[in-house]
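> The structure is given below, and queries will be raised subsequently.
The values are calculated or read from the model by the stated rules, or taken from the named source; none is laboratory data. Quick caveat, the model's predicted, so the values are computed rather than measured. Cβ placement follows ideal geometry from the backbone for every residue including glycine, while neighbour counts extend to all protein chains displayed.
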Amino acid sequence: MEGNTLFPVFLKLQELHTVLIGAGAVGHEKLSALLNNSPLATITVIAEDVSPEVIVLASGYPRVKIIQKKYEVSDLISASIVIAATNRPHVNEQIRKDATKLNALINVADKPELCDFYLGSIVQKGNLKIAISTNGKSPTIAKRLKEIFNDHLPAELDNTLTQMNHLRNNLQGDFQSKVKRLNEVTSILSAPAEPVKNKFGIKWLILLAAVMFVALLGAILWYSEPQFKMYLSAVDPVFYWFVLAGFIFAMIDGSIGMSYGVTSTAFSLSMGLPPAAASMAVHLSEILSNGIAGWMHYLMGNVNWKMFKMLIVPGVLGAVGGAYLLSSLEHYSGYTKILVSIYTLILGIVILKKSIQKKKKRTGGKIKKIGLLGLFGGFMDAVGGGGWGSIVLSTLIAGGRNARFSLGTVKVTRFFIAVMSSLTFFTMLNWVNWHAVSGLVIGSALAAPIAARVSNKISVKSIMMAVGIIVIVVSLRSIILMILKLI
């Protein structure tokens, strides 16, 4: 037969004895894989040299025993499963021979031809577990497939399994009637996908978004017509700096999915704009880009409308409140600018910290208070000129929400928040800094078609580190200059 002829099984390692030979980097990887899937597994680790990582890992599992000694054939007498993970090929081959004589199944690290079984990549959603095997051809492909499944399989699948188990245990009748009932319940899973229904008033929502955008644009041009004409008649060189900044920041945002607001605000403050004017310029420049991005996510079905309803009202209220507060304090811009710069400094530190830290596994249950998260995110976004993505999107994903649906939902809500923030700022200030707005809009528009192509070719970690450092330096500069000016 051609293709993968391996027979997949799921073992109860808590009822078997696993012996792991080797406790270096490879041994640590193997031990982690075993314990992540079977925390109650009985494992004996044998090695002459035991790495600190293995000691720390084993300390949290009472059924893992470490014996620091040289390998001997007697170590395998009671073993059901053997894993050879030493850095000595001849020792691994000897372990293979000994395990075969004792009828124990063996896995030899990085030697498919010596293995009785492979440790595949595992996708787990509660009680659902999927094992991926490439027949030893490419572990990297298996890892990539694991990432895809983890991102696209919703965590709610475990709730479905629990409900199906409850239904199965409570069904009455003979075997045939039970099977018939279960088939009826699960038939929807194999049914063709139906078109998205207008359950949440999506058509009205899109119409409202278009009306809000046109009305805001018309109001701004109507009330600031003299300013706009004056701006067009004599374009200040500052405009070109904002074009360049908008281009760079949009490229960054296209690569890591956030930070446009905080980088644009930090730059605007450093160029001398008051906090309210800086935040308004950033939000006005974001309306069109977020509207297009939100529309694309809607067409691709990436919007969780239940989450949208929980975010939109608190988010808008927080954004309007933050914009109103910041505009009311415009006469005290010398002080608020320091506070906003401190806020962007904190976000810069957070971004830098994320770029340095290793990716952690999601822990704990999903975040429940989405409304409060939206209220806080909207308020801080308006006050600080950015942070909706850094605060809301990061928290949703860290709390176990699906990354694709979270991103789509956050982008759609971001459009309404940008519109309402801009409208509040303009109503309170009654003027627009066209150098900043037009520069950021044009710069980000030029970057949009390029960002998608370039984003996959640049290290996200390097970009985040650079962004964090730049935001920190610019924010510190603004803070120091404002303190010296006030003194």
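> Just one of Lys111, Lys12, Lys101 is surrounded by fewer than 20 Cβ atoms within 10 Å (Cβ to Cβ) and in contact with a helix residue (DSSP H, G or I) (Cβ under 8 Å, 6 or more places away or on another chain); which is it? Spell out how you get there, then give the answer.
Numbers: Lys12 fails: in contact with a helix residue (DSSP H, G or I) (Cβ under 8 Å, 6 or more places away or on another chain); Lys101 fails: in contact with a helix residue (DSSP H, G or I) (Cβ under 8 Å, 6 or more places away or on another chain).
Criteria check complete, one pass: Lys111.
> Could you tell me whether Lys178 is free of Cβ contacts under 8 Å to residues at least 12 places away in the same chain and surrounded by 13 or more Cβ atoms within 10 Å (Cβ to Cβ)? First the steps, then the outcome.
Numbers: free of Cβ contacts under 8 Å to residues at least 12 places away in the same chain: yes; surrounded by 13 or more Cβ atoms within 10 Å (Cβ to Cβ): yes.
Yes.
> Still on this model: When the residues of region 59-71 are narrowed to those that are loosely packed, with under 12 Cβ neighbours inside 10 Å and part of a loop (DSSP other than H, G, I, E, B), which ends up nearest to the chain's Cα centre (by Cα)?
Taking the candidates together, the pick is Gly60.
> Being surrounded by 19 or more Cβ atoms within 10 Å (Cβ to Cβ), modelled with pLDDT of 75 or more and farther than 18 Å from Ile417 by Cβ, is that true of even one residue in region 306-324?
So far as region 306-324 goes, no, none of its residues is surrounded by 19 or more Cβ atoms within 10 Å (Cβ to Cβ), modelled with pLDDT of 75 or more and farther than 18 Å from Ile417 by Cβ.
> Still on this structure: Cβ-Cβ under 9 Å, sequence separation 6+ or interchain: first residue in region 126-148 and among the polar types (S, T, N, Q), partner in a strand (DSSP E or B). Which pairs?
Ser133/Ser121; Thr134/Ser121
> If I go through region 72-89 residue by residue, how many of them are over 14 Å from Lys101 (Cβ atoms) and either in a helix (DSSP H, G or I) or hydrophobic (A, V, I, L, M, F, W, C) (or both)?
Total meeting the criteria: 5.
Here's the yes/no breakdown for (1) closer than 25 Å to Ala84 by Cβ; (2) outside any loop (DSSP other than H, G, I, E, B); (3) hydrophobic (A, V, I, L, M, F, W, C):
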{"residue": "Ile122", "(1), (2), (3)": "yes, yes, yes"}
{"residue": "Gly136", "(1), (2), (3)": "yes, no, no"}
{"residue": "Glu147", "(1), (2), (3)": "no, yes, no"}
{"residue": "Asn150", "(1), (2), (3)": "no, yes, no"}
{"residue": "Asn159", "(1), (2), (3)": "no, yes, no"}
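> Right, next: Evaluate the following for Val56: is it of a type outside the set (Asp, Glu), assigned to a strand (DSSP E or B) and modelled with pLDDT under 95? Explain how you work it out, then say what you get.
Working: of a type outside the set (Asp, Glu): yes; assigned to a strand (DSSP E or B): no; modelled with pLDDT under 95: yes.
Against the criterion (of a type outside the set (Asp, Glu), assigned to a strand (DSSP E or B) and modelled with pLDDT under 95), Val56 does not qualify.
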